[in-house]
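This report refers to the structure that appears directly beneath it.
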Amino acid sequence: MNGSNKRPDRFFYLAWIVLHVVGAVIAWYVTWVTVSLVVSVIGSTIQVDGRTRIVEDFLFMYLLLPFMGLLTGIVQYTLLRRYLPRMAWWIATTVLGWMMPLVIGPVISPFLERGRGTFTIMLGMALIGVVVALPQWWLLRQRVGHASWWIVAAGLGWLLIGPLNQLASDPATVLFVIALLPTGAAAVACWLLLDWFPRHELRGA
């Protein structure tokens, strides 16, 4: 059976952007609540490799990224499953992708600290976008033609966070930028992959 040949309407793209921004805000607050609960149990500091670390600073990204991956994956799966077949693994691949920065972060951090320039930060952010998108691309390439555009869009969306993030210091504004730019780029990628390029036939779909 071929995947659905339906093309998304305008509501799809509006829902894509709105739900992603809402999901990012929810993930942010769920993370803070979770961290606050942990702090109330173990205290405000923790020993890590013989060093005293602030619990909020140490745990925040380790909790935020999985929450972001889960909520983002649910939103994307809910919207994409109407147009692409056999997407049940999408949520798992999205969570995996959002956890990848925790792996590459220690690798690229010294490079970013040495560079400290806008261009260096943009490259680092683009790399994060690419690794976030890689597991999703692996699933998409079996279903749509030219699935590499998903990686390109993710890289560009995250690359733009670099200079805009430097212009904003308010956490709410930073969160909005992080939520909106990659989301908008992914919406453009969806337009290409679901409207322009052919979809593959999945055996047994």
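Observations
- Helices (runs of 4 or more DSSP H) contained entirely in the range 28-143, each with at least 3 residues that are closer than 21 Å to PHE176 by Cα and in contact with a Phe, Trp or Tyr (Cβ under 7 Å, 6 or more places away or on another chain): 55-80, 118-140
- LEU59 being farther than 25 Å from VAL18 by Cβ, crowded, with 17+ Cβ neighbours inside 10 Å, hydrophobic (A, V, I, L, M, F, W, C) and in contact with a helix residue (DSSP H, G or I) (Cβ under 9 Å, 6 or more places away or on another chain): yes
- Hits in the range 34-73 - residues which are among the hydrophobic types (A, V, I, L, M, F, W, C) and touching a residue at least 24 places away in the same chain (Cβ under 8 Å): VAL35, LEU59, PHE60, MET61, LEU63, LEU64, LEU65, PHE67, MET68, LEU70, LEU71
- Only listed residue being surrounded by fewer than 15 Cβ atoms within 10 Å (Cβ to Cβ), in contact with a Leu (Cβ under 9 Å, 6 or more places away or on another chain) and at pLDDT below 90, chosen from ARG7, ARG51: ARG7
- Pair list, Cβ < 7 Å and 6+ apart or interchain, from the range 190-205 residues that are surrounded by 17 or more Cβ atoms within 10 Å (Cβ to Cβ) and modelled with pLDDT of 85 or more to residues that are part of a loop (DSSP other than H, G, I, E, B) and among the aliphatic types (A, V, I, L, M): LEU193/ALA147
- Taking first residues from the range 21-33 that are touching a residue at least 24 places away in the same chain (Cβ under 8 Å) and partners that are assigned to a helix (DSSP H, G or I) and exposed (fewer than 15 other Cβ atoms within 10 Å of the Cβ), no Cβ contact under 6 Å between residues at least 6 apart in sequence or on separate chains turns up.
- Residues in the range 10-21 that are of a type in the set (A, V, I, L, M, F, W, C) and modelled with pLDDT of 90 or more: PHE11, PHE12, LEU14, ALA15, TRP16, ILE17, VAL18, LEU19.
- Only one entry of ALA172, ALA147 meets the criterion of being modelled with pLDDT of 90 or more and aliphatic (A, V, I, L, M), and that entry is ALA147.
The values are calculated or read from the model by the stated rules, or taken from the named source; none is laboratory data. Quick caveat, the model's predicted, so the values are computed rather than measured. Every residue, glycine as well, gets a Cβ built from its backbone with ideal geometry; the counts of neighbours run over all protein chains shown.
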